[in-house]
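A.B. asks: Below is the structure I would like to discuss, written out as structure tokens.
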Amino acid sequence: MMSAAEIAFATALDLVELYRTKALSPVEVARTMFTRLDVLQPALNAFCVIDRDGAFAAARASEERWMTGQPLGPLDGVPATIKDLVLMRGFPTLRGSRLVDPEQDVSEDGPAVARLREAGVVILGKTTTPEFGWKAIGDSPLTGITRNPWNRERTTGGSSAGAAAACAAGIAPLHVGSDGAGSIRIPSAFTGIFGLKASFGRVPAYPPSAMGLLSNVGPMTRSVRDAAAMLTVLARPDHRDPYALNPEDHDYLAGIEDGIKGLRIGYSPDLGYAKVDPEIASACAAAALHFADLGAIVEGVGAIFPSPREALLTLWSAGAALLLSVYPKQRLAQCDPGLVLVAAEGEYIRAVDYVAADMVRTELGKRMGAFHQRYDLLLTPMMPVAALPVGQDLNDPTTERSWVDWSPFSYPFNMTRQPAATVPCGLTRAGLPIGLQIVGPLYAEDRVLRAARAFEQTQPERRPTLG
């Protein structure tokens, strides 16, 4: 008989094997997850919607399928959550904002939700996000502060804040996040889980993001293999996304255990411009050495491109201005003041400056294309600092103007559209998670997943104590 904690921290693929042997049922797992959610939600504030009725209906249907040996797929009956920037039928998508009309049309699932339902996944509810996903901190005017399971006085990061908190805390193994400048990878690193931003277009998305080609939807999990299985489902086609890549009948678990022997890997401790906490720099350098132990050829590299900070802020501010442009000015007092400020700056961006920023983005992609002629993968620290205190938008207000200043490793790879993942690689002396970023060439998700899986197997399992 499995304990509740063993069920909570089981991988999605382990749960499926237990369903297959009838040692456990999707209904039992759903019941365990909701019991855990009810206990932890007051402390973590990870959820903004809890769909108990819908989840149990899906779990009962899955149980019947497993009893008759007719599951819908390899994730049938596995619990999952959805970030509240993604449409989910039956519930308003409020995006962490008091501006959004709760009386909106709720008849449609976004592509990620539709694919998970088709696979028989049991959706527990929707997870919190900062307002419109605009920043890398886990709080919003609508839902308040989401707290890190490793230390509740620390942020989860954002914008996939609730997804990261729930995942790290053992409330479902599968979580849908989104990433416009690091919003899957930042909270994954801060909470000690795995997060993958695939190549732009790999996972269909609808409606389109105001952040344009920067924005991606993807998996957040405690296991690399779970993320691969989830990506296999999420990458299936959806006609509503005109930027979606040609659909593939591809299993991202295939070859994931093949290792990395012979791969050429570059490790950049700072990309030539980032300031990294010494404790984190040491942990990430040690992690890079593991790749050599696993048979890869690892070389240190310095600067690869100049900091694209200003170009990113131009694109980001313009997107923020577009987001708020549909609301009356007098209502903006209800918003996160930081978002209002960024949007105000975006209103004054000239078209020629926006196009120039987009050209910087193109040049960045060209440079990384050249880099990958020599190196199969790039490793960097994911975050240069550990999780910030809650309610604090800047790590060092004396030297920083924006959250992008303390997340220099994330947004370049949104601009280049490449696959990038974060994998846990240790804890600080204060007991906060450290993440290592793995970046692959365009469309090389298999390679990133294979490397992450090989490294994951060198690491001990780490869980927050949760008091």
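A.B. asks: If THR81 meets every condition in (1) assigned to a helix (DSSP H, G or I); (2) among the hydroxyl-bearing types (Ser, Thr, Tyr); (3) touching a helix residue (DSSP H, G or I) at 6+ places or on another chain (Cβ under 6 Å) apart from one, which number is that one?
C.D. replies: (1) is the only condition that THR81 fails.
A.B. asks: To continue, here is another question. Six or more apart or on different chains, Cβ atoms under 7 Å: show the pairs whose first residue is in the stretch 144-155 and assigned to a strand (DSSP E or B) and whose second is surrounded by fewer than 24 Cβ atoms within 10 Å (Cβ to Cβ) and modelled with pLDDT under 95.
C.D. replies: From the stretch 144-155, the pairs are ILE145/GLY391.
A.B. asks: Kindly indicate whether LYS275 is touching a residue at least 60 places away in the same chain (Cβ under 8 Å) and part of a loop (DSSP other than H, G, I, E, B).
C.D. replies: yes
A.B. asks: Let me ask something additional. Starting from residues that are assigned to a loop (DSSP other than H, G, I, E, B) and touching a helix residue (DSSP H, G or I) at 6+ places or on another chain (Cβ under 6 Å), keep the ones in the stretch 370-383 and report whichever is nearest to THR428 (Cα to Cα). Outline the logic, then answer.
C.D. replies: Filtering the stretch 370-383 down to residues assigned to a loop (DSSP other than H, G, I, E, B) leaves 375-376, 382-383.
Of the ones still in play, those that are also touching a helix residue (DSSP H, G or I) at 6+ places or on another chain (Cβ under 6 Å) are 382-383.
Values: MET382: 14, MET383: 12 Å.
So, considering only residues that are assigned to a loop (DSSP other than H, G, I, E, B) and touching a helix residue (DSSP H, G or I) at 6+ places or on another chain (Cβ under 6 Å), the one nearest to THR428 (Cα to Cα) is MET383.
A.B. asks: Related question: Answer yes or no as to whether VAL326 is in a helix (DSSP H, G or I), within 30 Å of MET359 (Cβ to Cβ) and among the β-branched types (Val, Ile, Thr).
C.D. replies: Taking the combined requirement at face value, the residue does not satisfy it.
A.B. asks: Additional query: Residue by residue through the stretch 84-139, note down the ones that are closer than 26 Å to ALA320 by Cβ, assigned to a loop (DSSP other than H, G, I, E, B) and small (Gly, Ala, Ser).
C.D. replies: Residues satisfying the conditions are GLY96, SER97, GLY110, ALA136, GLY138.
A.B. asks: Further question on the same structure: May I ask you to verify whether GLY133 is small (Gly, Ala, Ser) and under 11 Å from the mean Cα position of the chain (by Cα)?
C.D. replies: Answer is no for this residue.
A.B. asks: In this structure, is SER188 assigned to a loop (DSSP other than H, G, I, E, B) and at pLDDT 95 or above? Talk me through it step by step, then tell me what you get.
C.D. replies: Working: assigned to a loop (DSSP other than H, G, I, E, B): no; at pLDDT 95 or above: yes.
Judged against the criteria, SER188 is not a match.
A.B. asks: Shifting gears a bit: Touching a residue at least 12 places away in the same chain (Cβ under 8 Å) and closer than 20 Å to ALA161 by Cβ: which single residue out of VAL404, VAL448 fits that description?
C.D. replies: VAL404
A.B. asks: A further question on this structure: Which residue pairs have Cβ atoms under 7 Å apart, sit 6 or more places apart or on different chains, and have a first residue in the stretch 92-113 that is free of Cβ contacts under 8 Å to residues at least 60 places away in the same chain and of a type in the set (A, V, I, L, M) and a second that is surrounded by fewer than 14 Cβ atoms within 10 Å (Cβ to Cβ) and in a loop (DSSP other than H, G, I, E, B)?
C.D. replies: LEU94/PRO102; VAL106/GLY90
A.B. asks: Let me ask another. Is it fair to say VAL176 is in contact (Cβ under 8 Å) with a residue 12 or more places away in the chain, under 25 Å from TRP316 (Cα atoms), surrounded by 24 or more Cβ atoms within 10 Å (Cβ to Cβ) and of a type in the set (Val, Ile, Thr)? Outline the logic, then answer.
C.D. replies: Numbers: in contact (Cβ under 8 Å) with a residue 12 or more places away in the chain: yes; under 25 Å from TRP316 (Cα atoms): yes; surrounded by 24 or more Cβ atoms within 10 Å (Cβ to Cβ): yes; of a type in the set (Val, Ile, Thr): yes.
Taking the combined requirement at face value, the residue satisfies it.
A.B. asks: Considering only residues of the stretch 278-312 that are part of a strand (DSSP E or B) and of a type in the set (A, V, I, L, M), which is farthest from ASP358 (Cα to Cα)? Break it down stepwise before answering.
C.D. replies: Let us first name the residues in the stretch 278-312 that are part of a strand (DSSP E or B), namely 297-300.
Imposing the further condition that a residue be of a type in the set (A, V, I, L, M) reduces the set to 297-298.
On the way: ILE297: 34, VAL298: 32 Å.
Ranking the candidates gives ILE297 first.
A.B. asks: Which of the numbered conditions does VAL342 fail, given that it passes all the others? Conditions: (1) buried (at least 22 other Cβ atoms within 10 Å of the Cβ); (2) of a type in the set (A, V, I, L, M, F, W, C); (3) not in a helix (DSSP H, G or I).
C.D. replies: Going through the list (1) buried (at least 22 other Cβ atoms within 10 Å of the Cβ); (2) of a type in the set (A, V, I, L, M, F, W, C); (3) not in a helix (DSSP H, G or I), VAL342 breaks only (3).
A.B. asks: Go through the stretch 4-26 and count every residue that is of a type in the set (Val, Ile, Thr), crowded, with 18+ Cβ neighbours inside 10 Å and free of Cβ contacts under 8 Å to residues at least 60 places away in the same chain.
C.D. replies: Here the count works out to 1.
A.B. asks: On the basis of being in contact (Cβ under 8 Å) with a residue 60 or more places away in the chain and surrounded by fewer than 24 Cβ atoms within 10 Å (Cβ to Cβ), does GLY212 make the cut?
C.D. replies: Yes.
A.B. asks: What's the number of the only condition in (1) part of a helix (DSSP H, G or I); (2) crowded, with 16+ Cβ neighbours inside 10 Å that ALA386 fails to meet?
C.D. replies: Single failed check for ALA386: (1).
A.B. asks: Cβ contacts < 8 Å: first residue in contact (Cβ under 8 Å) with a residue 24 or more places away in the chain, restricted to the stretch 388-400; second residue of a type in the set (Lys, Arg), any location; separation 6+ or different chain. Result?
C.D. replies: LEU388/ARG154; PRO389/ARG154; VAL390/ARG147; VAL390/ARG152; VAL390/ARG154; ASP393/LYS135
The values are calculated or read from the model by the stated rules, or taken from the named source; none is laboratory data. All figures in this text were calculated on a predicted structure; none of them were measured in a lab. All Cβ positions, even for glycine, are placed from backbone atoms using ideal geometry, and neighbour counts span all protein chains on display.
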